[in-house]
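So the structure is just underneath, and the comments pick up after that.
FYI, it's all coordinate maths here, none of it is from the lab. Since we're looking at a predicted model, the values are computed, not measured. Note: ideal-geometry Cβ built from the backbone for every residue, glycine included; neighbour counts use all protein chains shown.
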Amino acid sequence: MKRDGDRLIVHRGADISSTCFCCGQPSVARITTHLRRRKSNVFGRGVHSTSSIMLILDLLQLVLFFLMVLADIPASRKRPLTYGLCARHLRKRRLMLIASPLSLVIGVALWVYEFRNLNAPVYIGLPAAIFGTAMLATSGFLYFWSPGPTLVAEDPDLLWIKGYYPAPQ
Ligand SMILES: [Zn+2]
């Protein structure tokens with residue numbers, strides 16, 4: 001395990017669980033995960049679609065992103081990593097990982113309601129659509145920003161990881 005700027009280089013299957021991944025305090029929990037490839041720029045940029053063509057391109061990019069996530073699942077089996085979290089960051093991670101699917105379910109339920117009641121009055125339909133969209137966005141946000149390692153690069157032996165606590169000065 002060694003550092004490369006703000007990245008951490010580890011072997012596949014490494015165990016770096018002695019200290020908290022987020023703050024470097026002694027850890028209370030070991031978490032073994034299979035790292036997924038992430039394309040953060042899909043979610044990272046703001047909405048800037050001004051025409052319907054741009055909107056369609058954005059939607060296509062989102063669909064491609066989800067296909068890529070699905071296609072990456074078999075490869076992620078070859079990227080095991082065991083990391084640790086302190087009590088505070090463990091609590092934060094659990095909270096976010098519970099809240100994320102919850103927001104997703106609420107968001108989807110609101111949109112299902114929306115499509116099944118297309119002639120509902122606008123004072124019900126509009127808030128449902130806005131709140132539903134907000135819950136879907138929240139779900140993605142919580143999932144992608146929950147404490148834990150993020151894969152940035154890989155080669156046959158090594159993994160480059162982001163999100164590790166800052167190096168001591
Ligand atoms: Zn911590």
With the dipole of segment 64-169 worked out from charges on the C-beta (+1 for Lys and Arg, -1 for Asp and Glu) around the Cα centre, which of LEU85, TRP145, LEU110 lies farthest toward the positive end? LEU85
For the chain: relative contact order, % (alpha-carbon pairs under 8 angstrom, 6 or more apart): 36
At a 10 angstrom cut-off on C-beta neighbours, averaged per residue, how do the peptides 12-23, 90-101 rank from highest to lowest? 12-23, 90-101
Determine, at each q value in 0.17 (inverse angstroms), the log₁₀ of I(q)/I(0) that the Debye formula gives when each Cα of the chain is one equal point scatterer. -1.13
In degrees from 0 to 90, rounded to the nearest 10, what is the angle of the helix 122-145 Cα long axis to the longest principal axis of the chain? 10
Rounding to the nearest 10 and keeping the result within 0 to 90°, find how far the Cα-based axis of helix 52-76 lies from the longest principal axis of the chain. 40
Given H placed 1.01 Å from N in the peptide plane, which residues other than close sequence neighbours of ALA29 have an amide H under 5 Å from its amide H? LEU85
